[in-house]
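The values are calculated or read from the model by the stated rules, or taken from the named source; none is laboratory data. In this text the structure is predicted, and so the values were computed from the model without any measurement. Cβ: placed from backbone, ideal geometry, glycine included. Neighbour counts: every protein chain shown.
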Amino acid sequence: MAVDRSYAVGNDAERARLKAFVTRVSDADLARAMPAGWTVAAVLGHVAFWDQRILTLLDAWERGAAPTSIHEEEVDWVNDAGKPLLLAVPPRKAAELTIAIAEEVDRRVAALPDDLVARNAAAGSPLSLFRGPHRKDHLDDIERILRR
């Protein structure tokens, strides 16, 4: 039985969009304020953090530890806890790191064996292989702010 790998197309498209965005924006754009005390670069760092989470969980799963889903009520405090660290990263470095992590996670999830993709789906998708939608949502928000 074939597994659904449609996530790879969306991931590739939003990673390309992310890379194009980071290439064209200035350091001043990356330092620009976003709502709730974030900056453009810190929001990109946030995207990188959640992509890195998938890489960490994949490593654990490949060693035999099945991943667990994050509970929705935990997301806000995790994001808030990481915000000061993300704001401390130099903006250009945060943007470059976001691309590097996106490239790695997309490569890894695209290359997953069918049985792992199927087991993830059967477990309720504790590993969100669809990385593109998260990137899209934040890039849309960032571009709206920069157009003002």
Task: Candidates TRP77, TRP61, filtered to the one that is aromatic (Phe, Trp, Tyr) and loosely packed, with under 13 Cβ neighbours inside 10 Å - done: TRP77
Task: Considering residues of the range 80-97 that are charged (D, E, K, R) and modelled with pLDDT of 95 or more only, the residue surrounded by the most Cβ atoms within 10 Å (Cβ to Cβ) - done: LYS83
Task: Cβ pairs under 8 Å, 6+ apart, first in the range 16-36 and within 13 Å of ILE142 (Cβ to Cβ), second surrounded by 15 or more Cβ atoms within 10 Å (Cβ to Cβ) and of a type in the set (S, T, N, Q) - done: LEU18/THR98; VAL22/THR98; LEU30/THR39; ALA31/THR39; ARG32/THR39; ALA33/THR39
TODO: Identify all residues within the range 14-27 that are part of a helix (DSSP H, G or I), of a type outside the set (Lys, Arg) and either within 13 Å of the chain's Cα centre (by Cα) or surrounded by fewer than 18 Cβ atoms within 10 Å (Cβ to Cβ) (or both); write none if there are none.
DONE: GLU14, ALA16, LEU18, ALA20, THR23, ASP27
Open item on the list: Suppose we filter the range 94-148 for residues that are acidic (Asp, Glu), over 16 Å from HIS46 (Cβ atoms) and without any contact (Cβ under 8 Å) to a residue 12 or more places away in the chain; how many remain?
Closed with: 1
Open item on the list: Among the residues in the range 28-38, are any in contact with a helix residue (DSSP H, G or I) (Cβ under 7 Å, 6 or more places away or on another chain), at pLDDT below 95, in a helix (DSSP H, G or I) and not aromatic (Phe, Trp, Tyr)?
Closed with: no
Open item on the list: Pull out all pairs, ordered by first then second residue, where Cβ-Cβ is under 7 Å, the residues are six or more apart or on different chains, the first lies in the range 65-93 and is within 30 Å of ALA122 (Cα to Cα), and the second is exposed (fewer than 10 other Cβ atoms within 10 Å of the Cβ) and among the small types (Gly, Ala, Ser).
Closed with: SER69/GLY124
Task: Condition met for ASP141 (among the acidic types (Asp, Glu) and either touching a Ser or Thr at 6+ places or on another chain (Cβ under 7 Å) or surrounded by 13 or more Cβ atoms within 10 Å (Cβ to Cβ) (or both)) - done: yes
